[in-house]
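See structure below.
The values are calculated or read from the model by the stated rules, or taken from the named source; none is laboratory data. The model shown is predicted, which means the values in this text are computed figures rather than measured ones. Please note: Cβ atoms are built from the backbone with ideal geometry, for glycine as well, and neighbour counts cover all protein chains shown. All accessible areas refer to the heavy atoms of the entire protein, side chains included, with ligands and DNA or RNA removed. Shrake-Rupley method; radii C 1.70, N 1.55, O 1.52, S 1.80 Å.
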Amino acid sequence: MAYGQITYSYDTLQVNDENWEAVLKEPVPGDGIIDIPFLKESDKGVINQLTTRRFYMYFNYLDVDTIDIEFDVQKNKCKEQVLKSFKVSYNDSVYSDGLTERVVFSGYFFK
């Protein structure tokens with residue numbers, strides 16, 4: 001994985017949530033793609049409220065970057081909770097920002 005002009009090994013990457021608890025339970029796979037679980041059980045039933053979650057990425061235990069995930073949950077016409085807005089920022093750069101109709105609280109997210 002290259003970060004700027006420095007190359008980092010996947011096995012040195014750590015991701016922690018805003019409470020400094022580890023998010024990754026396994027080493028980063030060879031393709032470098034990871035899942036960051038931004039939804040919590042406590043989000044169930046919360047609607048029309050903008051929520052932001054911050055994650056910290058540590059590279060080689062030296063460099064720290066931030067990922068902010070901001071979302072708003074509303075109920076659709078079927079009374080399902082859905083993400084109405086979803087924004088992802090890496091450090092100070094916005095990488096994704098838009099409206100969505102994705103169902104949030106299905107068996108996929110909470111089992």
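I'm trying to understand the selection: among the residues of the range 75-104, which are modelled with pLDDT under 80, more than 18 Å from residue 36 (Cβ to Cβ) and not aliphatic (A, V, I, L, M)?
101 - this is the single residue of the range 75-104 that is modelled with pLDDT under 80, more than 18 Å from residue 36 (Cβ to Cβ) and not aliphatic (A, V, I, L, M).
Is it the case, given these coordinates, that residue 71 is modelled with pLDDT of 85 or more and aromatic (Phe, Trp, Tyr)?
So residue 71 fits the description; yes.
Can you find, within the range 21-43, the residue that is nearest to the chain's Cα centre (by Cα) among those that are touching a residue at least 60 places away in the same chain (Cβ under 8 Å) and surrounded by 14 or more Cβ atoms within 10 Å (Cβ to Cβ)?
39
How about the range 69-96: which of its residues are surrounded by fewer than 16 Cβ atoms within 10 Å (Cβ to Cβ), acidic (Asp, Glu) and either under 18 Å from residue 46 (Cα atoms) or in contact (Cβ under 8 Å) with a residue 12 or more places away in the chain (or both)?
The answer is 80, and nothing else.
Condition test on residue 44, is it touching a strand residue (DSSP E or B) at 6+ places or on another chain (Cβ under 7 Å) and not polar (S, T, N, Q)?
No.
If I ask for residues that are open to solvent by less than 30 Å² (accessible area, probe 1.4 Å) and within 18 Å of residue 18 (Cβ to Cβ), which ones from the range 54-68 would you list?
Matches in the range 54-68: 55, 57, 65, 66, 67, 68.
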